[in-house]
Each structure stands twice: as structure tokens, then as C-alpha cells.
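Q: Would you mind keeping the following structure in view while I ask a few things?
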Amino acid sequence: MLRFDHKGVEIAYMDEGEGEPILLIHGFGSNHDVNWVGTGWVDLLTKQGRRVIALDNRGHGQSSKLYDPAGYHPAVMAGDAVALLDHLRIGSAVVMGYSMGARITAFMALEHPQRVDAVILGGLGVRLVHGDALPPTIGPAMEAPTLHDVADPIGRMFRAFADKSGADRRALAACIRGSRVQLNRAEVGRILQPALIAVGTRDPIAGSARELADMMPNASVLDIPNRDHNPAVGDKVYKQGVLAFLVEQGL
């Protein structure tokens, strides 16, 4: 892993391949390796002749752990991603995020539009705008004494994953409390880049991809058949749909 410092926060990242850059931003409780390497994305994209950059979000993986929820606002984490592009002297890139990473990607596209050539939002639909994508029960689930003390099924799923991966659960509790920030309809309407919204048809977390796409001026939808939230990440339909989108956009 490579590292750089952004305003006192150490961000770990990988940078592989050559060609047009694509930046990958993982979801809550995950890391670049689980979300993008283990699912075959990095191998696929590098073989397609792309330069693949993927970071561990603050509070995750090998990046710095913070315990103040304010440090995890999506705009702050989008700032980490922009700083990484600066560090690598990359002017702009396609940006793909999954779940929380898709939220960060949307903030990045809105607040730093010149740095984002296109956006791919995986695992996040209309709950970018209204309703809870990840429920507030996840914070207490991370702080519970044991997994057996967690009754909420989604909280239990994320707690089990955190236990398995050895994540810093205190940092994740702060992250979930600080990152659950929505954009409004008008803000989403100002995301002008070509956008692909990819959601599993059995995903109970993301909300409708079509409803979100209808709020955006240049968005299309990719349904990932018969996939729940987490299994959709590595699905072949998702991968082939992203490759087709990039070709269609000339990127």
C-alpha cells in the first residue's frame, strides 16, 4: 500500500495499471481490497487498459482512524479523494463508488465537477436524496459488547463483517454517524457528468435507481438482477454494464 498525508490524515491507496484513470471509492465498513481487489474489479479494469486508483477511506483499512463524526462528512471524504488525485497529479478521472462510496462520489461530482469525468454510483439509488440507506442502528451495533447483543439484522450484518475483518469499530461508529448526509433534489440535478446508477434488484438498502436517475440530467440505470446489496458489488452484469457505459461515453 502507498500512503499520503491529507491535512494530518494518512490515506492509504493503491495505484495500478496504465491508461485513462478511474478512481474507486469503497463502501462503509469495507476497504479497497475487499470492495475492489477481491471482487475482481482491479484486475478487470487494468486488463482493459486503465489506470486504477483505489483508496481506503478514512476510518477504514490502513488509513487513519478518527473518532469524531464530523470528520466523516461525505464532503470531507470527497476532499480526501480530490487530494489523492492532486497527489498523483491527475487532473480528472472517472469515479466509481459503492454504497457510502457512491455517496462520496456524488459529493465529489457536485463540489469538484472539474475533477470528475463521469460518475458510477453502485449500491445507492434514491436514498442519496431521501430515506435512510444505512440505518442508525449500525452505530450502536458497532459499540455493542458482542455480536450476540445486536438484534437489528442490518446492524448485525455490518457488525459481523467488522468483527471478521478486524476493523476499528469505534471509528466505524463515528463514520456511520457522520456520513449519513443527503443531497437534495436540486443538488442532484446539478450533477451534470454522465452517470450510471447500478443497483441490485433485491437491494433493500439503496432505494430506487430509476427515481434517482430521473432527478439527474445525464443519468442511466443498470439493474443488477437478483442481487442483494453486498453480493451485487462483484456481479458480472455490473462489471459488463460499467465497461459498456465507459465505451458509450468515449471514456
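Q: Could you count how many Lys pairs in the chain have their Cα atoms under 30 Å apart, skipping same-chain pairs fewer than 8 positions apart?
A: Values: Lys7/Lys65; Lys47/Lys236; Lys47/Lys239; Lys65/Lys164; Lys164/Lys236; Lys164/Lys239.
Number of lysine pairs found: 6.
Q: Additional query: Please list the non-local residues whose amide H lies under 5 Å from the amide H of Glu20, H modeled 1.01 Å from N, same-chain partners needing a gap of 5 or more.
A: Arg51
Q: Probe radius 1.4 Å, ligands and nucleic acids ignored: give me the carbon and sulfur share of the accessible area of the chain as a rounded percent.
A: So the carbon and sulfur contribution to the accessible surface is 49 percent.
Q: Here's a follow-up. Relative contact order (percent) for segment 49-180, with alpha-carbon contacts under 8 angstrom and 6 or more residues of separation?
A: Details: 179 pairs, mean separation 40.0, N = 132.
Dividing the mean separation by the residue count of segment 49-180 yields 30 percent.
Q: Averaging the inverse of every distinct alpha carbon separation and then flipping it gives the Kirkwood radius. What is it for segment 72-197, in angstrom units? It would help to have the intermediate numbers written out before the result.
A: Numbers: mean 1/r = 0.0647 Å⁻¹.
Evaluated over segment 72-197, this radius sits at 15.4 Å.
Q: For segment 85-92, just list the computed ³J(HN,Hα) in residue order, Karplus coefficients 6.51, -1.76 and 1.60, θ = phi - 60°, integers in Hz, with x standing in for Gly and Pro.
A: 4, 4, 4, 8, 6, 9, x, 7
Q: Considering amide H positions built from the backbone, and no H for Pro or chain starts, which residues 5 or more places from Val221, or on another chain, come under 5 Å of its amide H?
A: Result for Val221 returns Ile197.
Q: Please calculate the 1.4 Å probe accessible area of Glu10, with all protein chains present, and give it to the nearest 10 Å².
A: Accessible surface of Glu10 is approximately 80 Å².
Q: Of (i) 169; (ii) 108; (iii) 125, which one was derived for volume of the Cα convex hull per residue in Å³ from the structure shown?
A: (ii)
Q: Also: In square angstrom, what is the accessible area per residue of segment 13-69 with a 1.4 angstrom probe?
A: Values: 2060 Å² over 57 residues.
For segment 13-69, the solvent-accessible area averages 36 Å² per residue.
Q: Calculate one ³J(HN,Hα) per residue across segment 221-236 by plugging θ = phi - 60° into the Karplus curve 6.51 cos²θ - 1.76 cosθ + 1.60, and present them in order as whole Hz with x for glycine and proline.
A: 10, 10, 7, 9, x, 6, 10, 7, 4, 6, x, 5, 4, x, 5, 5
Q: What does the helix-only formula give at 222 nm for the chain: each DSSP H stretch with n ≥ 4 adding -39500 (n - 2.57), the total divided by the residues, and the result rounded to the nearest 500 deg cm²/dmol? Write down the numbers at each step before the final one.
A: Details: 9 runs with 85 residues, N = 251.
Result for the chain, helices only: -9500 deg cm²/dmol.
Q: Additional query: Rounded, prolate or oblate: which fits segment 1-64 when a ≥ b ≥ c are the square roots of the eigenvalues of the alpha-carbon gyration tensor, with rounded for a/c under 1.5 and prolate only if a/b beats b/c? All intermediate terms of the calculation are to be shown ahead of the outcome.
A: Numbers: a/c = 2.77, a/b = 1.54, b/c = 1.80.
Because a/c hits 1.5 or more and a/b fails to exceed b/c, segment 1-64 counts as oblate.
Q: Using the heavy atoms of the protein chains and a 1.4 angstrom probe, tell me the accessible area per residue for segment 122-251 in square angstrom. Walk me through the intermediate numbers first.
A: Numbers: 6100 Å² over 130 residues.
Counting only protein heavy atoms, the per-residue value for segment 122-251 is 47 Å².
Q: Can you say what percent of the DSSP beta bridges in the chain, counting only those with both residues inside, are antiparallel? Round to 5.
A: Values: 9 of 35 bridges.
That works out to approximately 25 percent antiparallel.
Q: Moving on. Apply the a/c threshold of 1.5 to the C-alpha gyration tensor of segment 203-251 and tell me whether it is rounded, prolate or oblate. Numbers along the way, then the final one.
A: Values: a/c = 3.00, a/b = 1.15, b/c = 2.61.
Judged from the Cα gyration tensor, segment 203-251 comes out oblate (a/c at least 1.5, b/c at or above a/b).
Q: Now a separate question. Using modelled amide H (1.01 Å from N, peptide plane; none on Pro or chain starts), what sits under 5 Å from the amide H of Phe28, excluding residues fewer than 5 places away?
A: Met100, Gly101
Q: To continue, here is another question. Using unit Cβ charges (K, R positive; D, E negative) and no other charged atoms, how large, in debye to the nearest 20, is the dipole of segment 73-217 about its Cα centre? Don't skip to the answer; put the middle values down first.
A: Details: 15 positive and 14 negative charges, 14 e Å.
Magnitude of the dipole: close to 60 debye.
Q: Could you derive backbone 3J(HN,Hα) for segment 182-188 from the dihedral phi with the Karplus parameters 6.51, -1.76 and 1.60 (θ = phi - 60°), listing whole Hz in sequence and x where the residue is Gly or Pro?
A: 3J(HN,Hα) across segment 182-188, in whole Hz: 9, 9, 8, 4, 5, 5, 4.
The values are calculated or read from the model by the stated rules, or taken from the named source; none is laboratory data. Since the structure is predicted, the reported quantities are computational estimates derived from the model, not experimental observations. Cβ: placed from backbone, ideal geometry, glycine included. Neighbour counts: every protein chain shown. To get the accessible areas, we keep the full protein, side chains included, count just its heavy atoms, and leave off ligands, DNA and RNA. Shrake-Rupley method; radii C 1.70, N 1.55, O 1.52, S 1.80 Å.
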